[in-house]
Amino acid sequence: MRARRRIHNLVLTGFMGTGKSSVGRMAAALLHFRYVDTDALIESRAGKSIPEIFTTEGEAGFRQREREAVGELRTCRRTVIATGGGLVTDPASVESLREHAVVVCLWASPETIFERTRHTSHRPLLRQADPLGAIRRLLAERDPFYRRADVLINTELRSTREVTQQVLKAFHLAVKSGL
Ligand code: S3P
């Protein structure tokens, strides 16, 4: 049987470059909530950066660390949690987050994601000869997982503030209607 949901927190999911961190920080400030980023939590527990974890432990090692981080988050209260883009591919992790949080997924097109990430270098999965191709492929593979969120928000042509306002609306509605 599925555990009953008690909404204490707000979780942001979505592909790399959809704005989870900037929206998450702004939402946390406006709600007077704490802000936690699963990647930062993993890095602090591991004492290594995400690229180092991928190099030394592989993607499987990183995903295991993501599951452990999700376990730690179960006791969070009044927290906005921004997740790494691939965390949703583990259904048990998403179920665990849904027990205590509203799950909001941010969406953007492959082209927009490419534009937003092309000058960054900290994402091992995009360090490829054809990053746009990798984005298209991964986004298509993960699409059914992202769609399992409580709410899906399109970030195309919207500022961080506009997206944050939509996220907060969804959060308040979910809390009020008692998901
Ligand atoms: C990943 C996304 C990254 C980070 C890691 C893997 C993914 O987080 O967790 O590089 O699989 O999509 P962001 O979505 O915050 O960039």
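Taken together, the values in this text are just the output of simple stated rules run on the coordinates, not laboratory data. Remember, predicted model here, so these are calculated numbers, not experimental data. Counting neighbours? That spans all protein chains shown, and the Cβs are built from the backbone with ideal geometry, glycine included.
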Check your understanding: Ile50: net charge of surrounding residues, Cβ under 9 Å, Lys/Arg +1, Asp/Glu -1, itself excluded?
Key -> -1
Point to revise | Space enclosed by the convex hull of the alpha-carbon atoms of the chain, per residue, Å³ | key: 113
Exercise for review: Quick one: what are the phi-derived ³J(HN,Hα) couplings along region 62-72, Karplus 6.51/-1.76/1.60 with θ = phi - 60°, whole Hz, x for glycine and proline?
Suggested key: 5, 5, 4, 5, 4, 4, 5, 4, 4, x, 5
Practice item. Work from the charge dipole of region 9-168 (Cβ charges, +1 for Lys and Arg, -1 for Asp and Glu, about the Cα centre) and give the residue of Ala40, Gln165, Ala82 farthest towards its positive end. Key: Gln165
Practice item. For n ≥ 4 DSSP H runs only, could you compute -39500 (n - 2.57) per run for the chain, divide by its residues and tell me the 222 nm figure to the nearest 500? Key: -17000 deg cm²/dmol
Check your understanding: By the scheme Lys and Arg +1, Asp and Glu -1, what is the net charge of all other residues having a beta-carbon under 10 Å from that of Leu41?
Key -> -4
